[in-house]
C-alpha cells in the first residue's frame, strides 16, 4: 500500500479527512486496517495575514515546506483537505517534493460522473470568488453559481468564526440551507461543499440540493490511490494540466 500524507491547513477538515480515510480502509481491508497516514498541521493563524492581503507566494512556499515534511515522513503522495489552500497551491513555484491529489479536480470529476450541469459553490470568500472551482468545472463543461455578496459574507463568517473552531449550531445549519435553497432557485442541481468543515454541518438529509462532499471525496480518492485502484497523481503544484 502507498503511504498517504495529509497536509492540514484547518484542523476540523483535516480531522474529518483523516477519519474518513481510516474508515474507508477498514471498509475495504477489514477491522483496524488502513493505509499508513502521516499528517502535518501548522497553525492556520500563521497564514491568515497572507490570505487577507492576497499574497499567495509565501503561502505557496509554506505549503511546499509542509509537503517536504510529509515526504520526509515517508509519504508517497499527499492530499490537502482545504479548498482555499488550493488557490496558493496552484501558483507557480518549486514542484512539491511528492505528488498530490487536487481537491478541485476530485470534486469536479465526481460532479461530471453524477451528471450535474450546474454546481453551487459553498466555501470561504476566497474559494467562492477564486479561480479553482470555476476552472475545474469548466474543464468538464459544467456550469456553476455562487451565493450573492451578502450571503457569501454569512457563509464565510460562519466558517471562520464557528466551523473552523469546532462550533456547529442549528442556526448556522438553517442559514446554510436557506442559501443552498437560493442556489437551487438559480438553477443549480447540486451544491459543492468546498470548505472541508461544511460537511460536518450540512449533511445530505438536510440539504435542499444533492451535495458534493469535498472532504470525504478527497479522502476516499486517496485510499483508492493507496490501494492501487487509482493511478498515482502527477500534480506537483501549479495549474492542473
Out of the residues in segment 166-187 that are touching a residue at least 60 places away in the same chain (Cβ under 8 Å) and part of a helix (DSSP H, G or I), which is nearest to the chain's Cα centre (by Cα)? 180
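Out of 192, 221, 172, report the one residue that is in contact with a helix residue (DSSP H, G or I) (Cβ under 6 Å, 6 or more places away or on another chain), modelled with pLDDT of 95 or more, at negative phi and in the same structural domain as residue 62 (by TED's automatic domain parsing).
So the residue among 192, 221, 172 that is in contact with a helix residue (DSSP H, G or I) (Cβ under 6 Å, 6 or more places away or on another chain), modelled with pLDDT of 95 or more, at negative phi and in the same structural domain as residue 62 (by TED's automatic domain parsing) is 221.
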From the option list 155, 107, single residue qualifying as touching a residue at least 24 places away in the same chain (Cβ under 8 Å), within 18 Å of the chain's Cα centre (by Cα), under 30 Å from residue 35 (Cα atoms) and part of a helix (DSSP H, G or I) is 107
Selected residue (criterion: farthest from the chain's Cα centre (by Cα)) from residues of segment 72-87 that are assigned to a helix (DSSP H, G or I) and buried (at least 19 other Cβ atoms within 10 Å of the Cβ): 87
If I go through segment 116-146 residue by residue, how many of them are assigned to a loop (DSSP other than H, G, I, E, B), surrounded by fewer than 17 Cβ atoms within 10 Å (Cβ to Cβ) and out of contact with any strand residue (DSSP E or B) (no Cβ under 9 Å at 6 or more places or on another chain)? 4
Of those in segment 30-49 that are in contact (Cβ under 8 Å) with a residue 24 or more places away in the chain and not in a loop (DSSP other than H, G, I, E, B), the residue nearest to residue 126 (Cα to Cα) is 44
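The values are calculated or read from the model by the stated rules, or taken from the named source; none is laboratory data. Remember, it's a predicted structure, so these values are computed and weren't measured experimentally. Reconstructed Cβ throughout: ideal geometry from the backbone, glycine too, with neighbour counts over all protein chains shown.
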